[in-house]
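For reference, the structure is listed below as structure tokens.
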Amino acid sequence: MGSTKQQIERPGGMALLAGRPVGRIGFGAMQLPGRGVLGPPRDRDTALAVLRRAVELGVNHIDTAQFYGPDVANELIHAALHPYPEDLVLVSKVGAERDANGGWTPAQRPEQLRAGVQDNLRSLAVERLDVVNLRLLDREHADRTSDNSVDLDSQLAEMVALRDEGKIGGIGISNVTAEQLRQALPVDLACVQNQYSVLDRSGEPLLELCRTHDVDWVPYFPLGSAFPGLPKVTEHRAVVAAAAALSATPAQVGLAWLLGHSQRTSPPAASSWTPPRPPPSTG
């Protein structure tokens with residue numbers, strides 16, 4: 001990885017994630033690929049520019065997955081940022097695959113989790129991922145698939161083996177219930193990644209568990225979902241009104257609420273919306 005010589009101010013202040021210093025506001029790469037998180041972006045140059053601009057502005061925590069695209073988000077990250085800055089923390093996830101029609105299919109068996117980590121290492125061109133989140137299935141989805149026979153302990157054992165082999169630095173868990181989180185705590189979790197925002201506080205009991213056990217809370221959809229028809233923090237009447245009163249943007253208000261609500265919260269913020277165009281060059 002390349003080196004960074006000057007001290008950069010990190011957005012949202014500093015935190016530790018799996019022992020690595022990160023800005024509390026990261027960048028979520030889910031919306032970099034095309035519509036439906038499938039295929040190439042409509043404007044590759046803009047996608048690359050957004051990644052570079054995020055790092056220029058101090059972001060050093062990027063959340064991604066090989067199955068975003070598939071391979072598209074990771075390829076864009078590699079094209080934009082490799083050789084990576086020494087302080088860049090790359091976080092990925094395993095537990096799903098894409099089918100021929102772009103659907104999301106479970107990949108929860110231990111050998112599939114290992115293959116998912118290998119796919120991320122390959123597509124990002126790294127020997128080690130700083131954190132990998134084990135993305136669990138929704139209960140309803142699990143009940144409809146044969147993969148519901150894969151017990152959580154077997155999945156966690158494979159993640160621990162990958163950590164012991166040096167392929168991943170920290171183990172996270174995503175889309176988890178309180179019961180599953182308690183079951184996973186003995187493996188020394190780096191973080192929990194569940195849906196959470198000022199509009200969706202259903203994860204509050206999980207956040208309290210994370211506080212109690214010193215596990216970092218890295219919510220996805222921190223400003224609501226980018227998918228059509230789902231609530232967006234930046235469009236909520238109260239958030240818009242607060243932003244106007246504070247001479248801020250609705251996104252700033254939503255993120256400030258998250259950061260103020262818990263000191264262990266580090267949202268990969270851009271996973272919530274389609275990446276904006278970077279400002280025009282003045283050079």
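Placing R0 at 41 angstrom, the Cβ-Cβ distance between ALA157 and ARG237 gives a FRET efficiency of 0.30 after rounding to 0.05. Per-residue ellipticity at 222 nm from helix content only, as computed over the chain with -39500 (n - 2.57) for each DSSP H run of at least four residues, stands at -10000 deg cm²/dmol. Surface composition of the chain: carbon plus sulfur atoms hold 51% of the accessible area, using a 1.4 angstrom probe and ignoring ligands, DNA and RNA. Phi angles of the range 256-264 translate, via the Karplus equation with coefficients 6.51, -1.76, 1.60 and θ = phi - 60°, into HN-Hα couplings of 4, 4, 4, 5, x, 6, 8, 6, 9 Hz per residue; Gly and Pro are given as x.
Can you give the % of DSSP beta bridges in the chain that are antiparallel, to the nearest 5? Roughly 25 percent of the DSSP beta bridges within the chain come out antiparallel. Sequentially through the range 65-72, phi angles give Karplus couplings (6.51, -1.76, 1.60; θ = phi - 60°) of 6, 4, 7, 7, x, x, 6, 5 Hz, Gly and Pro residues having no value and appearing as x. Placing unit charges on each Cβ (+1 for Lys and Arg, -1 for Asp and Glu) gives the chain a dipole about its Cα centre, and among GLY36, GLY116, ALA157 the Cα reaching farthest toward its positive end belongs to GLY36. Karplus-based coupling profile of the range 229-241, in residue order and whole Hz: x, 9, x, 10, 4, 5, 10, 6, 4, 5, 5, 4, 5, with θ = phi - 60° in 6.51 cos²θ - 1.76 cosθ + 1.60 and x standing for Gly or Pro.
A cut-off of 5 Å between modelled amide H atoms, ignoring neighbours fewer than 5 places along the same chain, links LEU129 with ILE168, GLY169.
Once all protein chains are placed together, TRP257 keeps about 70 Å² accessible to a 1.4 angstrom probe. The figure for ILE8 is an accessible area of roughly 50 square angstrom, using a 1.4 Å probe on the protein chains alone. In summary, the range 1-138 shows an alpha-carbon radius of gyration equal to 1.04 times the 2.2 N^0.38 Å reference for compact globular proteins. Ranked from largest to smallest solvent-accessible area, with a 1.4 Å probe on the protein heavy atoms, GLU165, GLU179 come out as GLU179, GLU165. In this structure the amide hydrogen of HIS61, modeled in the peptide plane, comes within under 5 Å of the amide hydrogens of GLY23, PHE27, VAL89, none closer than 5 places in sequence on its chain.
The values are calculated or read from the model by the stated rules, or taken from the named source; none is laboratory data. Predicted model, so just to flag it, every value in this text is computed and none were measured. We place every Cβ from the backbone using ideal geometry, glycine too, and count neighbours over all the protein chains shown. Only protein heavy atoms, including side chains, enter the accessible area calculation; ligands, DNA and RNA are left aside. Shrake-Rupley method; radii C 1.70, N 1.55, O 1.52, S 1.80 Å.
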